[in-house]
Each structure stands twice: as C-alpha cells, then as structure tokens.
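Some notes on the structure that comes next.
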Amino acid sequence: MIPEELKYTEEHEWVLRTGEDTVRVGITDYAQEQLGDVVFVQLPELGEQVGAGQTLGEVESTKSVSDIYAPLAGEVVARNDSLDQQPDLVNTDPYGEGWMVELRLDDPAAVDDLLDAAAYQELAAQE
C-alpha cells in the first residue's frame with residue numbers, strides 16, 4: 001500500500017503537503033513492517049530546527065531501534081503526542097493516525113525533489 005498523493009524518501013519516510021510551506025511526516029507501511037511492533041517513539045520538540053537528512057527522532061520496536069530522518073529542512077511546528085501513549089499507531093495506521101511531525105519548510109519547492117509513489121515502490125521492491 002503506497003498512497004499516490006504522498007512523496008517519499010529513500011529512508012522510508014512519507015511526506016504529505018498540509019499547507020503552502022508545511023508538510024506532515026511519518027514512516028511508510030513498508031518501514032513499519034520491517035520494524036515489527038513499535039513500542040516507543042521519540043519525537044523532536046516544537047520549534048526545533050532540522051536539516052534534511054538529520055535525525056528527527058527514534059522508533060523503538062520489539063526488534064530494534066531505528067532513527068527517523070528529516071526528509072526536508074525546516075522547523076517542527078507540530079508533533080503527534082498520541083504516540084507517547086499509543087506508539088502502535090505507527091503499525092496500525094502509518095499514513096494516518098501514526099504520523100509523527102509537521103514541519104514548516106525552509107524551501108517548500110524541495111518537496112518536488114522527493115520520490116513519487118512509483119519510484120518509492122520500485123525502491124522498496126529492491127530491498
């Protein structure tokens with residue numbers, strides 16, 4: 001399941017444009033399947049500045065601990081605090097209630113440089 005309206009990174013994050021200069025970020029269904037049962041999610045604080053490719057937080061599962069990477073540079077303007085109590089939302093609804101953060105982008109046009117659904121599907125199929 002790879003929603004067409006989203007953009008993707010090679011590190012298995014998805015990006016949804018939520019405004020002219022804002023995006024919502026989460027991990028893909030493929031990523032959550034690889035992780036197994038998510039038991040803890042660490043997210044950045046509001047107002048934190050992140051650079052593209054920088055570590056944004058961590059997802060801890062029954063199998064491992066994995067970094068979440070910022071797909072684009074910007075400021076954290078929202079975080080999904082529901083994940084503090086219900087980290088399994090990442091497993092049950094990775095593209096919906098399992099979202100992680102929203103960013104106000106330094107360069108809104110950079111979204112266009114991310115992978116589209118077809119390119120991401122090809123990447124995931126090769127792994």
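The values are calculated or read from the model by the stated rules, or taken from the named source; none is laboratory data. Because the structure is a prediction, the values reported are computed rather than measured. These area figures cover heavy atoms from the full protein model, side chains too; ligands, DNA and RNA do not enter into them. Shrake-Rupley method; radii C 1.70, N 1.55, O 1.52, S 1.80 Å.
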Step by step: find N for the chain, compute 2.2 N^0.38 Å, then divide the Cα radius of gyration by it. What's the final number? 0.96
Rounded to whole Å², per residue accessible area for the chain with a 1.4 Å probe reads 51 Å²
Counting only protein heavy atoms, what percent of the accessible surface of segment 69-127 is carbon or sulfur at a 1.4 Å probe? 41 percent
Alpha-carbon gyration tensor eigenvalues x 5, square-rooted, for segment 25-85, Å: 20, 13, 9
